[in-house]
Structures are given as structure tokens and as C-alpha cells.
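The values are calculated or read from the model by the stated rules, or taken from the named source; none is laboratory data. Remember, it's a predicted structure, so these values are computed and weren't measured experimentally. Positions of Cβ are generated from backbone atoms using ideal geometry, with glycine treated the same way; all protein chains shown enter the neighbour counts.
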Amino acid sequence: MTMGKRIKECRASLGLTQPQLAEKLELSVDMVKQMEIDRKKPSLETLIKLTNIFSVSADYLLGTNNIESLEIRQWHVFQELANKYKIDLTDPKQIDALGELIRIVSQIKEDSLN
């Protein structure tokens, strides 16, 4: 998936319109439209704002992985498990399965602390 498609998907998942996202980014609506159709790329400053608004990693928006967001500690665990069990981090089904496993383990740990 292209960066533009990921931006559009994230925007839509939050229920934001292009004008609303443009306002949050302090950009023109046309710039948001151009980014979503991959005619223009966001500046580094805009990329950082996008990651904060969408709560996703820059890697996800750039398309270098399919993992939307994980805490740094979880990311390291995620990578270790993926390497150990030869999980393909470009396969969304395998990522979802590993993510679900991490969520279950995290919930069990949280429940045991309460």
C-alpha cells in the first residue's frame, strides 16, 4: 500500500475529513489531497504530525512495515518473536496473529498485577 493510501486510510479510520486533517496539519486542503493520491510527499515535520495524529509509526506510513503502532518495548518483543519463529513481517495475516498473541500476553500480565 502506498503512503498516500495509508494516510487516507488512517484519516478515514478517525472519521476526519480532508479539511479537518488539513487544519490539524496546518496545511491546505489541496496539499492533503495531493498527499493522499501520492502526488506530493509530506515534509519531515508533517510526517511527524501525521504519526502523532494517527498514533502510528513513521515506518507504517512510509510503507516499510505493516505494523500500525506498538510501544517501543512491544516492538522489540515483536521483532524477536518474528525472528525466532521466522514470521514474515510483510504478511498482514502473520503480523495480525503475532499482534494478537502479544495483546493476550499483555492482558494476562496486566490482569495478574490487578
So for segment 22-42 (the condition being surrounded by 13 or more Cβ atoms within 10 Å (Cβ to Cβ), without any contact (Cβ under 8 Å) to a residue 12 or more places away in the chain and in contact with a Pro (Cβ under 9 Å, 6 or more places away or on another chain)), does at least one residue qualify? yes
Considering only helices (runs of 4 or more DSSP H) wholly within segment 1-56, the ones with at least 1 residues that are under 25 Å from Asp91 (Cβ atoms) are 3-13, 44-54
Could you please give the count of residues in segment 19-72 that are modelled with pLDDT of 95 or more and touching a Lys or Arg at 6+ places or on another chain (Cβ under 6 Å)? 4
